[in-house]
């Protein structure tokens with residue numbers, strides 16, 4: 001059930017919101033959140049009921065382990081073994097479904113063997129709920145968590161606005177809000193902000209991201225026929241598709257949460273305006289970057305054990321972060337490139353030289369744009385082929401001779417794609433982002449018009465085209 005589908009917009013979300021607030025109005029607070037938990041499981045099972053036992057098993061085991069860690073405060077050794085056992089169990093679950101096939105394929109390729117392995121279907125959101133629960137166990141071990149009921153813990157993991165593609169929520173960010181009561185005026189304000197934020201995300205996804213997807217998919221689907229011109233248009237289209245797709249999802253997740261009086265953490269903050277790679281990761285998938293820092297980089301030693309260890313920890317963190325996105329050498333390469341950029345940033349800071357803001361911003365964007373090629377390409381050879389086409393000196397010389405747009409027929413509406421890319425980059429670099437728009441939100445006529453336009457345009461498009469495209473991060 002996609003956030004942009006009629007099932008969600010016209011049936012699931014309205015029914016859940018109405019019943020939830022009806023229960024809250026009659027002071028059935030615990031029942032309202034139990035209902036929200038049940039509906040979150042239904043939301044998950046809608047995708048594939050086969051995955052539900054895996055999710056229930058994971059939640060049950062991690063809730064029990066967290067409880068035992070908290071109750072074993074007198075025995076640090078027991079706590080440590082419970083934590084290690086829980087982390088190993090979580091990683092084995094994730095490893096089997098997501099990485100076992102990749103491992104077997106590489107053993108066969110490099111070892112010349114013919115080991116047969118039937119790759120299991122990847123359960124939806126397994127990367128997200130695994131990381132979220134590992135963080136919970138670590139926080140229990142650190143003494144930062146309290147005992148909670150199974151129902152409350154299950155809601156923390158499965159709360160449907162954030163469950164499928166994040167944000168990766170800390171228990172202490174979520175659980176206090178379940179017992180919080182809002183004054184009627186405050187709840188009305190959160191509700192209106194939620195609708196406004198959701199409408200912005202819906203517009204980004206259906207009108208912007210799914211439009212750029214047409215050109216990105218067409219280009220990456222015909223890599224061997226690319227020219228320099230089509231390579232640049234294709235990669236820019238994907239850079240913008242990914243931006244508006246993930247930004248749109250984040251807005252709809254936060255907007256949906258606000259309808260229940262729950263504020264999810266921001267996960268996206270104009271990342272293409274970053275002035276260096278460190279700034280980028282403070283803006284792009286913010287909660288994943290936080291998780292990698294707190295539960296991987298710092299345990300690896302962080303910056304505590306000298307420069308060499310720090311640089312190694314940074315590189316390994318990003319390589320594993322790339323692998324988290326997918327079991328492929330292209331994702332590993334993408335993560336390694338980001339780790340290398342972090343090391344280069346550290347070296348650059350030693351010079352004491354500071355770039356002008358826009359020079360730093362465009363340099364960072366250029367690097368991010370190029371690395372998305374590895375993120376999107378089906379194979380490493382496809383990625384290198386696209387990169388070759390982007391910088392082919394022969395075709396570049398032809399472009400200056402007036403043949404730069406040859407091959408644009410490979411892309412549907414090629415010239416429209418150029419105009420859309422230019423407009424998209426203008427929005428990315430110069431317009432307010434949705435968080436800023438929400439902060440300045442007030443229920444006035446102007447915002448009401450923006451809301452109805454943002455809702456109506458996607459619904460009209462979906463009515464006539466019926467193309468409910470998944471969010472890109474659903475694949476991770």
Go through the range 367-383 residue by residue and tally those that are modelled with pLDDT of 95 or more and either loosely packed, with under 14 Cβ neighbours inside 10 Å or in contact with a strand residue (DSSP E or B) (Cβ under 7 Å, 6 or more places away or on another chain) (or both).
0
Out of 15, 54, 59, 70, which single residue is over 19 Å from residue 141 (Cβ atoms) and either surrounded by 13 or more Cβ atoms within 10 Å (Cβ to Cβ) or touching a strand residue (DSSP E or B) at 6+ places or on another chain (Cβ under 8 Å) (or both)?
54
Failed item in (1) under 25 Å from the mean Cα position of the chain (by Cα); (2) crowded, with 21+ Cβ neighbours inside 10 Å, with residue 82 passing the rest:
(1)
Filter result (touching a residue at least 60 places away in the same chain (Cβ under 8 Å) and farther than 24 Å from residue 379 by Cβ) within the range 91-127
123, 124, 125
Pick out the one residue from 256, 247 that is touching a strand residue (DSSP E or B) at 6+ places or on another chain (Cβ under 7 Å) and either assigned by TED's automatic domain parsing to the domain that holds residue 380 or buried (at least 20 other Cβ atoms within 10 Å of the Cβ) (or both).
247
Select from the range 422-447 the residues that are part of a loop (DSSP other than H, G, I, E, B) and within 21 Å of residue 241 (Cα to Cα) and list them in ascending order.
431, 432, 433
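Quick test for you: out of 231, 213, 165, 218, pick the one residue that is under 30 Å from residue 416 (Cβ atoms) and not in a helix (DSSP H, G or I).
On the way: 231 fails: not in a helix (DSSP H, G or I); 213 fails: not in a helix (DSSP H, G or I); 218 fails: not in a helix (DSSP H, G or I).
One residue alone meets the criteria, 165.
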Filter pass, residue 262 being within 21 Å of the chain's Cα centre (by Cα), in the same structural domain as residue 369 (by TED's automatic domain parsing) and farther than 28 Å from residue 94 by Cα:
yes
If the requirement is being farther than 15 Å from residue 232 by Cβ and under 23 Å from the mean Cα position of the chain (by Cα), which of these qualifies: 375, 365?
375
Any idea which residue in the range 225-242 is surrounded by the fewest Cβ atoms within 10 Å (Cβ to Cβ), counting only those that are at pLDDT 90 or above and more than 10 Å from residue 390 (Cβ to Cβ)?
242
Among the residues of the range 170-197, the number that are buried (at least 17 other Cβ atoms within 10 Å of the Cβ), within 23 Å of the chain's Cα centre (by Cα) and not assigned by TED's automatic domain parsing to the domain that holds residue 289 is 4
The residue from 109, 96 that alone is part of a helix (DSSP H, G or I), farther than 25 Å from residue 34 by Cβ and modelled with pLDDT under 90 is 109
Among (1) outside any helix (DSSP H, G or I); (2) touching a helix residue (DSSP H, G or I) at 6+ places or on another chain (Cβ under 7 Å); (3) under 26 Å from residue 144 (Cβ atoms), which single condition is residue 254 missing?
(1)
Sort out which residues of the range 43-58 are in contact (Cβ under 8 Å) with a residue 60 or more places away in the chain and assigned to a helix (DSSP H, G or I), and write them in order of number.
43, 44, 47, 50, 51, 54, 55, 58
With the first residue restricted to the range 290-312 and required to be within 18 Å of residue 340 (Cβ to Cβ), and the second required to be in a helix (DSSP H, G or I) and modelled with pLDDT of 90 or more, Cβ contacts under 6 Å at 6 or more apart or on different chains are 292/317; 292/321; 296/317; 297/313; 297/317; 300/313; 303/310; 311/343
Close pairs (6 angstrom Cβ cut-off, 6 or more residues apart or separate chains): more than 22 Å from residue 293 (Cα to Cα) and assigned by TED's automatic domain parsing to the domain that holds residue 273 in the range 336-365, modelled with pLDDT of 95 or more and outside any helix (DSSP H, G or I) anywhere
360/275; 361/275
Given (1) touching a helix residue (DSSP H, G or I) at 6+ places or on another chain (Cβ under 6 Å); (2) modelled with pLDDT under 90, identify the lone condition not met by residue 196.
(2)
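The values are calculated or read from the model by the stated rules, or taken from the named source; none is laboratory data. Note that this is a predicted model, so its numbers are computed, not measured. When we count neighbours, we look across all protein chains shown, and the Cβ atoms used for this are built from the backbone with ideal geometry, even at glycine.
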